[in-house]
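Asker: Can you read through this structure? Questions will come right after.
Just so it is clear, none of the values below were taken in a lab; they were calculated from the coordinates. Remember, it's a predicted structure, so these values are computed and weren't measured experimentally. Neighbour counts are summed over all protein chains in view; Cβ atoms, including those assigned to glycine, are modelled from backbone coordinates with ideal geometry.
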Amino acid sequence: DAGITQSPRHKVTETGTPVTLRCHQTENHRYMYWYRQDPGHGLRLIHYSYGVKDTDKGEVSDGYSVSRSKTEDFLLTLESATSSQTSVYFCAISESRTAQHGYTFGSGTRLTVV
Amino acid sequence: GEDVEQSLFLSVREGDSSVINCTYTDSSSTYLYWYKQEPGAGLQLLTYIFSNMDMKQDQRLTVLLNKKDKHLSLRIADTQTGDSAIYFCAEKKGGGATNKLIFGTGTLLAVQP
């Protein structure tokens with residue numbers, strides 16, 4: 001998807017373990033976002049970044065942290081995974097502060113916490 | 001996505017028109033978007049409309065915006081089986097570096113042959 005990849009694509013993990021999801025872009029876009037998708041809730045913003053080392057919380061940030069040490073990578077960490085964090089996670093990128101043309105999305109990571 | 005509301009499901013016959021509706025909350029939103037998600041895939045931008053417009057047409061797609069009622073709709077003419085997907089509307093909130101898209105709950109469009 002236009003130079004944005006997420007890894008892994010699928011992961012099963014146990015409750016209480018830490019998990020890190022990676023988003024990698026080759027577009028040199030400044031803005032990056034992590035969303036989770038759940039039935040009946042659509043997509044909800046977890047965290048976002050507006051530059052290297054510049055991040056902020058979204059609407060469902062509890063239990064998640066992020067890091068952006070370089071432009072191309074945005075990492076999402078679940079410090080201690082819980083079953084409520086079973087979801088599909090999408091990364092998105094945007095080149096423009098105004099997001100005039102919307103975001104470009106990755107293919108998603110399906111995370112199951114057992 | 002609690003701020004942006006959509007109906008959950010729409011079923012149409014192939015060849016008919018589909019209309020997907022969305023209600024958003026922020027009257028200051030400058031851009032509104034429609035995304036399409038096919039099974040197992042990410043979201044693909046279909047179209048967007050700037051808030052100073054009330055209509056935008058792009059081939060089979062027509063977007064209508066009613067700012068007074070904060071209502072957005074997507075009409076798909078001559079709906080095909082390949083249009084079966086989940087459709088999300090989204091509004092741009094915030095300003096400066098903190099702008100972000102807020103998505104609706106999604107509408108599953110099922111096209112019957």
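Asker: Using just the C-alpha positions of the protein assembly as shown as equal point scatterers, what log10 of I(q)/I(0) does the Debye formula give at each q in 0.13, 0.14, 0.17 1/Å?
Answerer: With no solvent term, the Cα-only Debye profile gives -0.75, -0.86, -1.21.
Asker: Per-residue HN-Hα couplings for region A:42-51, Karplus 6.51 cos²θ - 1.76 cosθ + 1.60 at θ = phi - 60°, whole Hz, x for Gly and Pro?
Answerer: Along region A:42-51, the couplings run x, 9, 10, 6, 9, 8, 8, 9, 10, x Hz.
Asker: Nearest 5 is fine: what % of DSSP beta bridges in the protein assembly as shown come out antiparallel, could you say?
Answerer: On the way: 76 of 85 bridges.
In the protein assembly as shown, DSSP labels about 90 percent of beta bridges as antiparallel.
Asker: Please arrange B:TYR87, B:TYR48 by how many other C-beta atoms lie within 10 Å of their C-beta, fewest to most. Working shown, then result.
Answerer: On the way: B:TYR87 23, B:TYR48 19.
Lowest count first: B:TYR48, B:TYR87.
Asker: Also, I was wondering about something else. Find how many whole Å separate the alpha carbon centroid of region B:53-92 from the alpha carbon centroid of region A:13-41.
Answerer: If you average the Cα positions of each part, the centres end up 28 Å apart.
Asker: Let me ask you something else. Based on other C-beta atoms within 10 Å, arrange A:MET32, B:MET55 from fewest to most.
Answerer: Fewest-to-most Cβ neighbours within 10 Å comes out as B:MET55, A:MET32.
Asker: Tell me which residues come under 5 Å, amide H to amide H, from B:THR30 once H is placed; ignore anything under 5 positions away on its chain.
Answerer: When sequence neighbours closer than 5 places are left aside, the close amide H contacts are B:LYS92.
Asker: Over 23 Å between Cα atoms, which of B:LYS67/B:LYS92; A:LYS11/B:LYS100; A:LYS57/B:LYS67; A:LYS70/B:LYS92; B:LYS68/B:LYS92; B:LYS67/B:LYS100 qualify?
Answerer: A:LYS11/B:LYS100; A:LYS57/B:LYS67; A:LYS70/B:LYS92
Asker: Please compute the average number of Cβ atoms from other chains found within 10 Å of each residue's Cβ in peptide B:59-66.
Answerer: 0
Asker: Give the dimensionless ratio obtained when the Cα radius of gyration of chain B is divided by 2.2 N^0.38 Å.
Answerer: Dividing the Cα radius of gyration by 2.2 N^0.38 Å gives 1.03.
Asker: Report the local net charge at B:ARG13: Lys and Arg +1, Asp and Glu -1, summed over other residues whose C-beta lies under 14 Å from its C-beta. Please list the in-between numbers first.
Answerer: Values: positive: none; negative: B:GLU14, B:ASP16, B:ASP78, B:ASP83.
After counting each charged neighbour, the total is -4.
Asker: Cut-off is 10 Å between beta-carbons; in what order do B:SER18, A:SER65 appear when sorted fewest neighbours first? Provide the component values of the computation, followed by the final result.
Answerer: Working: B:SER18 21, A:SER65 16.
Ranked by crowding around the Cβ, least crowded first: A:SER65, B:SER18.
Asker: Which values of log₁₀ I(q)/I(0), to two decimal places, follow from the Debye formula for region B:1-58 at q = 0.28 Å⁻¹ with a uniform point scatterer at every Cα?
Answerer: -1.40
Asker: When you look at the Cβ of every residue in A:84-95, what mean number of other chain Cβ atoms sits within 10 Å? Could the numbers behind the result be given before it?
Answerer: On the way: counts 0, 0, 0, 0, 2, 0, 3, 1, 4, 0, 3, 0.
Per residue, the number of nearby Cβ atoms from other chains is 1 on average.
Asker: Provide the convex hull volume over Cα atoms per residue for chain A, in Å³.
Answerer: Convex hull of Cα atoms, per residue: 93 Å³.
Asker: Pairs of alpha-carbon atoms within less than 8 angstrom and 6+ residues apart define the contacts here; what relative contact order does region B:42-113 have, in percent?
Answerer: The normalised contact order for region B:42-113 reaches 21 percent.
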